[in-house]
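Structure, as structure tokens:
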Number of protein chains: 2
Amino acid sequence: MSNRNRNLLLFNKFIFKELIPNLAYTAKWLVLALIIGSLVGSASALFLTSLYWVTQYRETHLWIILFLPIGGFFIGWIYHRFGTSVVKGNNQLLEEYYNPLKIIPLKMAPLVLLGTLLTHLFGGSAGREGTAIQMGGAIADQFTKWFNLKSDDRKMVITVGVAAGFASVFGTPLAGAVFALEWLIIGRLRYESILPSFLAAIIANYACEGIWLVHHTEYLIPTVPVFDIINVLWVIPAGICFGLAARLFSKSTHFWSYYFNKKIKYPPFRPVVGGVIIAASVFLIGDTKYIGLGIPTIVDSFSQDLPWYDFLMKIAKTSLTLGSGFKGGEVTPLFYTGATLGNALSAIIPLPVALLAGMGFVSVFSGATNTPLACTLMGIELFGAEPGVFIGLACVLAYLFSGHSGIYNSQLIGSPKNRKFLRRKGKKIGQL
Amino acid sequence: MSNRNRNLLLFNKFIFKELIPNLAYTAKWLVLALIIGSLVGSASALFLTSLYWVTQYRETHLWIILFLPIGGFFIGWIYHRFGTSVVKGNNQLLEEYYNPLKIIPLKMAPLVLLGTLLTHLFGGSAGREGTAIQMGGAIADQFTKWFNLKSDDRKMVITVGVAAGFASVFGTPLAGAVFALEWLIIGRLRYESILPSFLAAIIANYACEGIWLVHHTEYLIPTVPVFDIINVLWVIPAGICFGLAARLFSKSTHFWSYYFNKKIKYPPFRPVVGGVIIAASVFLIGDTKYIGLGIPTIVDSFSQDLPWYDFLMKIAKTSLTLGSGFKGGEVTPLFYTGATLGNALSAIIPLPVALLAGMGFVSVFSGATNTPLACTLMGIELFGAEPGVFIGLACVLAYLFSGHSGIYNSQLIGSPKNRKFLRRKGKKIGQL
């Protein structure tokens, strides 16, 4: 064959066997990301707006907290009656990803939305990411049916839904895209779904912020010191504390969940008991700062002196809320735990309080979900690029020191964090 | 066993089996990262400072470019005489990582430093990352010997050296840390070395910038538009062009390398011929903008109108320089290619020229090294958090559209980028 013919052949091969398949792949996932991203972003907008009203209502009608046990019963009953197929929540998404069996019922979305809003209305302590991810995953997975997608495509669709939900609920598209890839397996990240995740995360975030004009709280780290060796050495104990706090958070949630499941057989009664304890403690303390999302306290932790035990109170309240069967996410309470712990550490560690609060904000989350890169990106998206190295190092340390624990019991251990635990490879966190 | 005893046992197990091993691990790698990071950061400082002087000298004594063929012979001869065991450069680091055989000779560091400085002095077109990574890897790997490290620790040490080299030569610690994890296997990222990489990258960058006071060029993207759907749709063709440019860059370098190896048997003659062609073209064109690092043109591409073919000229010059056996890295020429291509695309794509230049800067690099996350972080570290989503999406697209090509022939394909190419899994780029 002449050289000219050979080159022509290579060129044709490149066009038809590489470029066109890649263009087709991009076009397909652009269309899916546009549809799923818009839907999930809109669902997040609806959720965030309702959550705002519900929180406002509770804060101006504090008597409603008295009805927390009744609200709990109602949530428990709804899930018991209509939601047994979707009650595993985030873990269910992980399990369907690992081992696809049946399409996530669409009702997961309205049920978790309703459950979360009721939890917040009556004064449970919970977050938002579980709700967003479950809405995202459930909405996205319907396209498996409608578009008749095969197993591999289905995995991508679930990833796309998670990316869209996470990105839009926190207003952090890069973190959302990377979270959806990173949360699947501890210690490993695979790139098969990277383009669909980025597209969906960006589009969902735009739908929520740009179209529905839902805005997110802004946090500020006004001064970032030079990153010299002394400061590196101070980040290490801080990161370790954040990792241990993440571990405590995860273990407490699982403990209460296990305890309530064992002691109370009829599921709707579990949140009743949990609700009684939480409501009683609110009136005992005489302060609502540990319930709901806790955004005002998170904001305060960047600038004011707070009691050192705030993070422990939040862990206790949230683990009791979620462990007893209320609905919502863990992530905003994790932000709260981290930011207030960072605030407390500023008494010992000579770094600016806002920096410590910001490091804790994302690092405890990193330790509890085992997603250090997504959390580093989230820190940058929320606080700017300047504190990036402080945040990155703290997230990695928290990831290491939370050990093989985490809020998602179904999360697989792909690469153990420390070579001493190679036997744990391939196990789920909940099996340890 | 009583509950109290059981809890005590669990607590002891946590302290002695988890916390203390993790603390020991952190302490060990902190010490290693401090030593290796300081050494590699200092080596980068020496390299960057010498490179600055060499470039200044060439630009004020242009006649020296006439001696490029002689300089080429000298580099070729040194490597032929003393450097056959280190001539594979970055690929050698990858191969030792996959299949550890023998410690990288320390002489890799001075040889690549000398080779790169001579290449730049006489007017070759090359970059810096190869030099930094090889110095980092070679310095770090000596600790394998001195500390008698085992195979797994050795993999970490190589990763640490790469992270330190990359971070310090570009002033981007987060990108350096993630690059060292991400370049190892296409489509996968593993977290075993995440803490050592972060520590070493941060320390090396501080050594270079904070101790030796070596500063990096600053780039500015003054306006970032809202990321609405229209802009998402414009990023897609841009990202595709960046990916294809990355592919052209990689393929050209490999083509010239193959061609010179085939046609010229005595290695020192190869850069002589390459040098004659490059020197002749410089005097023919009457401009030195396509040789050396090309930083002034990269800076210009953020604000001025440049000829549309600048990126092609740079690809031609660099592939000829490196393919014929001169030394240096590919990354700064990749920045150049991307930034000037972005500049050219601003004639068609209605995005700010600085944004397109910045997107190209990191995206072509992402496509040519298959490291979209490191490049996204690099974009944020260089240009700030605001253009982050534009940069992230462009990097991911460039990663996809460069296909299974790249500047590192030894790079393993872990997860093929498109499911159509599942058969390529486990192969090296150079084998395709």
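Checking every one of the trypsin sites (Lys or Arg not before Pro) in region A:36-111 against DSSP loop status and a limit of 11 other Cβ atoms within 10 Å picks out A:K102. Taking the C-alpha atoms only, the angle from helix B:388-401 to the longest principal axis of chain B is near 80 degrees. Dipole magnitude for region A:31-211: about 360 debye, using +1 per Lys or Arg Cβ and -1 per Asp or Glu Cβ, origin at the Cα centre.
Computed with every protein chain present, the accessible area of A:D305 is close to 140 Å² [probe 1.4 Å].
Ranked from shortest, the separations from the 7 Å Cα-to-Cβ label point of A:E95 to its equivalents in the other copies are 4.8 nm. Largest GNM mean-square fluctuation among B:L30, B:L174, B:L322, using chain B with Cα springs under 10 Å: B:L30. For A:L220, the label point sits 7 Å beyond Cα toward Cβ; its separations from the matching points on the remaining copies run 2.3 nm, from shortest to longest. Taking the Cα centre of chain A as origin and assigning +1 to Lys and Arg Cβ atoms and -1 to Asp and Glu Cβ atoms, the resulting dipole is close to 2060 debye.
Among A:L149, A:L341, A:L373, the largest mean-square fluctuation in a Gaussian network model of chain A (Cα springs under 10 Å) belongs to A:L149. Averaging 1/r over every pair of different alpha carbons in region B:160-266 and inverting the result gives a Kirkwood radius of 17.2 Å. The string of couplings for region B:192-207 from the Karplus curve (6.51, -1.76, 1.60, θ = phi - 60°) is 3, 9, 5, 5, x, 5, 4, 4, 5, 4, 5, 5, 4, 5, 5, 4 Hz, one whole number per residue in order, with x for Gly and Pro.
Relative contact order of chain B, please, whole-number percent, based on alpha carbon pairs below 8 angstrom and at least 6 residues apart.
Numbers: 865 pairs, mean separation 89.7, N = 432.
Result for chain B is 21 percent.
If you count, for every residue in A:393-406, the Cβ atoms of partner chains within 10 Å of its Cβ, what is the mean? Show your work: numbers first, answer last.
Working: counts 8, 1, 2, 8, 6, 0, 3, 6, 6, 2, 6, 1, 2, 0.
Per-residue shielding by partner chains comes out at 4.
Ellipticity at 222 nm from helices only: DSSP H runs of n ≥ 4 in chain B, each -39500 (n - 2.57), divided by the residue count, give -21500 deg cm²/dmol. Annotation: amide H-H contacts under 5 Å for B:G292 (H modelled 1.01 Å from N, sequence separation of 5 or more, or interchain): B:G124, B:S125, B:A126.
Oblate is the label for region B:185-226, because a/c, from the alpha-carbon gyration tensor with a ≥ b ≥ c as root eigenvalues, is 1.5 or above and a/b does not exceed b/c.
Between B:T60 and A:K13, what FRET efficiency comes out of the Förster formula 1/(1 + (r/R0)^6) with R0 = 51 Å and r the beta carbon distance, rounded to 0.05? Numbers along the way, then the final one.
Values: r = 48 Å, r/R0 = 0.94.
Once the sixth-power term is evaluated, E becomes 0.60.
Pairwise Cα distances in region A:117-203 exceed 18 Å for 44 percent of all pairs.
Using only C-alpha positions, report the orientation-averaged shadow area of the convex hull of the protein assembly as shown, nm², one decimal. Please report the intermediate quantities before stating the final value.
Values: hull surface 139.8 nm².
Averaging across all directions leaves 34.9 nm² for the Cα convex hull.
Extent along the principal axes, Cα only, for chain A: 88, 57, 48 Å, with the longest axis given first.
Highest mobility in the GNM of chain A, judged by mean-square fluctuation with C-alpha springs under 10 Å and restricted to A:L184, A:L334, A:L106, is found for A:L106. Once the Cα atoms are used to define both axes, helix A:173-182 deviates from the longest principal axis of chain A by about 80 degrees. When B:K427, A:K17 are compared by accessible surface with a 1.4 Å probe, the order from highest to lowest is A:K17, B:K427.
Computed over the Cα atoms, what is the radius of gyration of region A:291-376 divided by 2.2 N^0.38 Å, N being its residue count?
For region A:291-376, the normalised Cα radius of gyration comes out at 1.04.
Its residues counted as N, region A:42-115 yields a C-alpha radius of gyration over 2.2 N^0.38 Å of 1.33. Of the trypsin sites (Lys or Arg not before Pro) in region A:257-324, the ones in a loop by DSSP (not H, G, I, E or B) with at most 10 other beta carbons within 10 Å are A:K265. Here B:L8 sits with roughly 100 square angstrom of accessible surface, probe radius 1.4 Å.
Starting from region B:129-211, pick out the trypsin sites (Lys or Arg not before Pro) whose DSSP state is loop and whose Cβ has at most 15 other Cβ atoms within 10 Å. Show your work: numbers first, answer last.
Details: sites: B:K145, B:K150, B:R154, B:K155, B:R188, B:R190; in loops: B:K150.
Sparse-neighbourhood loop trypsin sites (Lys or Arg not before Pro): B:K150.
Amide H contacts of B:G329: B:G127, B:R128, B:E129, B:G130, B:T131, each under 5 Å away and 5 or more positions distant or on a separate chain (H built 1.01 Å from N in the peptide plane; Pro and chain starts excluded).
Between 0 and 90 degrees, the angle of helix B:331-345 with respect to the longest Cα principal axis of chain B falls at about 60 degrees.
According to the calculation over all Cα-Cα pairs in region A:208-295, the P(r) per 10 Å bin from zero is 12, 21, 28, 26, 11, 2 %.
Hydrodynamic estimate: the Kirkwood radius of region B:31-211 over Cα pairs, inserted into Stokes-Einstein at 25 °C and 0.890 mPa s, corresponds to D of 150 µm²/s.
Past the 20 Å Cα-Cα mark, which pairs from A:K28/B:K251; B:K251/B:K317; A:K420/B:K17; A:K28/A:K102; A:K17/B:K88; A:K262/B:K17?
Working: A:K28/B:K251 28 Å; B:K251/B:K317 13 Å; A:K420/B:K17 9 Å; A:K28/A:K102 23 Å; A:K17/B:K88 31 Å; A:K262/B:K17 28 Å.
A:K28/B:K251; A:K28/A:K102; A:K17/B:K88; A:K262/B:K17, as the Cα separations exceed 20 Å there.
Plainly put, the tip 7 Å out from Cα toward Cβ on B:I285 is 6.7 nm from that tip on each other copy, the closest given first. Shown in residue order for region A:298-315 are the 3J(HN,Hα) couplings computed by the Karplus curve 6.51 cos²θ - 1.76 cosθ + 1.60 at θ = phi - 60°: 4, 4, 4, 5, 7, 9, 10, 6, 10, x, 5, 8, 3, 5, 5, 4, 5, 4 Hz (x for Gly and Pro).
Taken as Cα centroids, region A:10-66 and region B:246-305 sit 44 Å apart, rounded to the nearest whole angstrom.
Volume per residue, Å³, of the convex hull around the alpha-carbon atoms of region A:229-431? Don't jump to the answer; show the numbers that get you there.
Details: hull volume 23.7 nm³, N = 203.
Enclosed volume per residue, from the Cα hull, is 117 Å³.
The values are calculated or read from the model by the stated rules, or taken from the named source; none is laboratory data. Fair warning: this is a prediction, and the values are worked out from it, not measured in the lab. Using ideal geometry, Cβ is built from the backbone for each residue, glycine included, and neighbour counts are taken over all protein chains shown. Ligands, DNA and RNA are stripped out before the accessible areas are found, and what is left, the full protein with its side chains, is counted by its heavy atoms. Shrake-Rupley method; radii C 1.70, N 1.55, O 1.52, S 1.80 Å.
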